[in-house]
Amino acid sequence: MLQLKYYPFELAFEYPFTISKGTKTHQPTLITSLGLGNLTGYGEAPAINYYNITVPQMIESLESKKGMIERYALIDPHRFWHFLHHLIPGQYFLTAALDIAAWDLFAQMRRMPLYQLLGIKWETTPLTDYTIGIDTPEKMVAKVKAHPWPVYKIKVNSKDDIDTLRLLREQTTAPFRIDANESWTFDDTKALLPELQQLNVTIVEQPLPKDAYEEMAELKAISPIPLFADESCCTETDVKKCAGSFHGINIKLTKCGGITPALRMIKEARSLGLKVMVGSMNESTIGSAAIANLLPLLDEADADGPLLLKEDVAEGLQYEHGKIQLSGKNGLGVRFTGIRAKVNV
């Protein structure tokens with residue numbers, strides 16, 4: 001019989017984290033665990049306010065379904081996901097946390113790292129970016145200087161941020177990825193694309209509102225820079241809708257429901273000629289390790305959650321100038337520690 005536990009946390013950021021949708025100083029997150037015998041698998045679901053998801057909501061759902069989850073016989077994580085999909089329909093964040101924990105536990109039961117269980121060869125892996133949140137230009141420059149990195153994701157919320165991008169470009173030759181989180185207009189994006197290319201911007205992520213597929217298709221036809229969907233691509237049903245409007249998709253494990261649907265989304269994206277990124281929602285090392293085990297399947301990676309947080313709840317990942325190294329241990333390869341100040345990632 002499975003043993004289900006959960007642990008809520010409020011993890012402090014190194015800097016206040018601001019995007020077009022707001023500012024936060026802490027990341028609320030829910031760690032779940034599934035135990036069997038002397039083995040325990042861990043998963044994570046950060047709570048995101050603009051998706052109207054809170055940790056107390058997830059805990060309430062867990063408590064109401066705990067008995068049914070614990071009685072489930074874990075013989076196939078794929079089937080476990082389908083069980084959860086029907087047990088807690090529409091609760092993708094919580095499903096993701098449980099799905100990740102199940103894969104971690106199952107890989108430990110099979111005595112292999114998760115990527116090996118999934119049949120993934122640990123060969124070429126993309127670098128992860130480091131995200132610079134919206135701030136005053138002076139503070140954004142200071143963040144870049146404090147965190148030398150081979151590729152940056154820069155959060156923006158106005159066409160006037162082009163001035164800040166010019167300033168940041170004076171500080172580093174590293175490629176930039178721009179993430180507008182739906183805050184730009186069609187005309188502004190179209191006008192900015194040529195200069196963004198000159199500034200060595202290699203990806204523009206979700207410039208327009210999530211339902212603006214027709215306008216995005218117009219931008220795709222003229223853009224010299226790959227355009228990636230984020231808010232436009234939350235779950236599996238969105239992949240096909242993005243094919244005509246974007247060059248790639250940013251899959252978030254939390255939003256799509258975990259590793260199980262993410263694998264299907266990656267496969268479908270490839271069949272449609274889309275590039276694939278798996279992205280962060282400010283997860284700790286636990287959620288970030290789930291992303292890291294998929295790295296060889298990806299074109300791009302945004303798994304910098306532990307780099308942005310001042311606190312963590314696990315260990316097992318190493319970041320070396322954009323390169324992520326796993327611990328080599330079974331499952332996700334992480335050890336749950338509870339909240340602790342980050343000494344080195």
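The values are calculated or read from the model by the stated rules, or taken from the named source; none is laboratory data. Predicted model, so just to flag it, every value in this text is computed and none were measured. Note that we place each Cβ from the backbone using ideal geometry, even for glycine, and neighbour counts take in every protein chain shown. With ligands, DNA and RNA removed, areas are computed over all heavy atoms of the protein, side chains included. Shrake-Rupley method; radii C 1.70, N 1.55, O 1.52, S 1.80 Å.
Overview of results
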item	result
Residue-span extension gain [Thr235 to Glu214] - 0.36 nm each, minus C-alpha spacing	5.6 nm
At R0 = 25 Å, FRET efficiency that the Cβ-Cβ distance of Ile75 and Arg270 yields, to 0.05	0.35
Where trypsin sites (Lys or Arg not before Pro) fall in DSSP loop in region 8-102, at most 12 other Cβ within 10 Å	Arg71
Answer label for mean projected area of the Cα convex hull in nm² (calculated), chosen among (i) 15.6; (ii) 22.8; (iii) 18.2	(i)
Calculated [θ] (222 nm, deg cm²/dmol) that DSSP helices of n ≥ 4 give over the chain, each run adding -39,500 (n - 2.57)	-10500 deg cm²/dmol
Trypsin sites (Lys or Arg not before Pro) restricted to DSSP loop in region 294-345 with at most 16 other C-beta within 10 Å	Lys310, Lys329
Spin-label pair Asp187/Trp122, simplified geometry with 7 Å Cα→Cβ offset, distance in nm	5.3
The chain: most fluctuating residue of Glu268, Glu231, Glu138 per GNM, C-alpha cutoff 10 Å	Glu138
Relative contact order of region 241-345, pairs being alpha-carbon contacts under 8 Å that are 6 or more residues apart, as %	22
Nearest-0.05 FRET efficiency for Lys329 and His82, computed from C-beta distance (R0 22 Å)	0.20
Backbone N within region 282-316 under 11 Å of label point (7 Å from Phe336 Cα along the Cβ vector)	314
Estimated distance in nm for a label pair at Tyr7 and Gln318, the labels positioned 7 Å out from Cα along Cα-to-Cβ	2.3
Most mobile listed residue (Ala146, Ala217, Ala12) in the chain, GNM with C-alpha springs under 10 Å	Ala146
Max mean-square fluctuation residue, GNM over the chain, Cα-Cα springs under 10 Å, options Tyr130, Tyr152, Tyr319	Tyr319
DSSP-defined antiparallel bridges as percent of all bridges, the chain, nearest 5	55
Karplus-derived HN-Hα couplings along region 46-52 (A = 6.51, B = -1.76, C = 1.60, θ = phi - 60°), whole Hz, x at Gly and Pro	x, 8, 10, 5, 6, 9, 6
Where the chain is the region considered: accessible area per residue in Å², 1.4 Å probe	40
Ellipsoid equivalent to region 96-228 - semi-axes via the Cα gyration tensor, in Å	33, 20, 14
Two-site label geometry, Asn49 and Ser158: point separation in nm, points 7 Å out along Cα→Cβ	2.0
Average Cα contact separation per residue, the chain, under 8 Å, 6 or more apart, as relative contact order %	19
Protein accessible area in the chain, 1.4 Å probe - carbon and sulfur %	50
DSSP-loop trypsin sites (Lys or Arg not before Pro) across region 104-133, with at most 11 other Cβ within 10 angstrom	Arg111, Lys121
